[in-house]
1. Neighbouring Cβ atoms within 10 Å as the yardstick, rank I274, I144 fewest first.
2. With θ set to phi - 60° and the Karplus curve 6.51 cos²θ - 1.76 cosθ + 1.60, what are the ³J(HN,Hα) couplings of the range 384-390 in order, to the nearest whole Hz, using x for Gly and Pro?
3. How do V195, V358 line up, fewest other C-beta atoms within 10 Å first?
4. Using alpha carbons only, how many angstrom separate the centre of the range 117-132 from the centre of the range 223-252?
5. Take the alpha-carbon centre of the range 383-405, take the same for the range 284-342, and report the distance between them in whole Å.
6. What's the angle, to the nearest 10 degrees (0 to 90), between helix 4-28's Cα axis and the longest principal axis of the chain?
7. For the chain, go through all pairs of different Cα atoms, get the mean of 1/r, take its inverse, and jot down that Kirkwood value in Å.
8. Distances longer than 16 Å among the Cα atoms of the range 229-312: what percent of all pairs is that?
Amino acid sequence: MPSATQQAIDAVWRIESARLIAGLARIVRDVGLAEDLAQDALVAALEQWPESGVPDNPGAWLMAVARRRGVDAIRRAVTLQKKVELLGRELDAHGSPVDDIDLDRTIDDDVLRLMFTACHPVLSVDARVALTLKMVSGLSTDEIARAFLVQATTMAARITRAKRALTAAKVPFEVPVGDELGDRLGSVLEAVYLVFNEGYTATAGERWARAELCQEAMRLGRMLAALAADESEAHALVALMEIQASRLRARTGPGGEMVTLDQQDRARWDRLLITHGLAALARAEELDGTGSYAIQAKIAACHARAPHSQDTDWVRIAALYGDLVALTGSPIVELNRAVAVAMAEGPAAGLAVTDELVDVAALRTYHLLPSVRGDLLARLGRSAEARAEFRRAAALTSNEVERSHLLARADLS
């Protein structure tokens, strides 16, 4: 089990990495170099903090060390001497980094610039999203690979190629305007939503959710909605995230265990977030309301508007998932439709939908497929088959809370 200091460093990196990389990228104008400098600072923290303790201002400490490493690197490259001035005055080699740091006051704009730089059209869509997740959210390569349902080595290579491509193309560190903004907005929205999803249901670790990632994604989403005020999907994504985030407090029990949607105490749902989310959805619908995030937000709104689980309009939800499948062609969305169909028409109807997904390559290692099938089989009284599916699902997930829940379901089947 990681030490308390290691856990603290992990938490600091989650919170500070985007701001750190963004601040460095604004200075050196190279997101690849900025991430390298940030990683160097992280290594320094891993080496020093177990002995010295976590500093009072860990973000400033990391920025100071990263800048110092940048100064050292640029010193060695005489042809880049001018960039030393951009890094600021040299840090005293014998002083404390925190004592000398000039704290950046333009952090929000920097993170927004970082997002659009990472989502430049010189990169493929998958590469844009992966790079944004790596640099903006601080997710590990393994976590990003799981989100994309690919091998970690494949994702690592994709991220490395993406950084090199940005450097080679000399992509400016800026927020685009006009038509270019619209062209790049979709990739940024996708990245923000994947950050939110990692917070809402962590792919790995001992926590079911990471509220801080959800909050960061919502903050970025609101910034994007303000920047692209006439884009329906920007408002729809805000609506989707806020309505889903309203359930965060109710999704875990006193011991951190999972609480499924039908078992949640809806009195614990955040009504203010729901109100804000529904208002954002109304704005999205005024502008268009037919995009992927708008449909998902409408589904989330069906849950938010139901006073009790049994009041949920599952027929409408199943229909909305049908619209979403037609729009995206995603097998994961089809799996979600199976759940809604089961609630609207019965478990046998839902199981029939999942039967069509068993041989889909993209879902072979996706733990929610056997999890859903286990639930439907249990509801049909096919206990032995349900136990096998729950155990298979437990073996496929890297989240400890989810694994415990699935194994408990297997024992009860």
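1. On the way: I274 21, I144 25.
Least to most surrounded, the residues fall as I274, I144.
2. 4, 5, 4, 4, 4, 5, 5
3. Working: V195 29, V358 11.
Result, fewest neighbours first: V358, V195.
4. Answer, in whole Å: 22.
5. Each part's Cα centre sits 26 Å from the other's.
6. Relative to the chain, helix 4-28 is tipped by roughly 60 degrees.
7. Working: mean 1/r = 0.0436 Å⁻¹.
Evaluated on the chain, it is 22.9 Å.
8. On the way: 1755 of 3486 pairs.
For the range 229-312, the share of Cα pairs beyond 16 Å comes to 50 percent.
Throughout, read-outs are computed from the coordinates displayed, never taken from laboratory work. Only a predicted model underlies this, so the values are computations on that prediction, with no experimental measurement involved. A quick note on method: Cβ atoms are made from the backbone with ideal geometry, for glycine too, and the neighbour counts reach across all protein chains shown.
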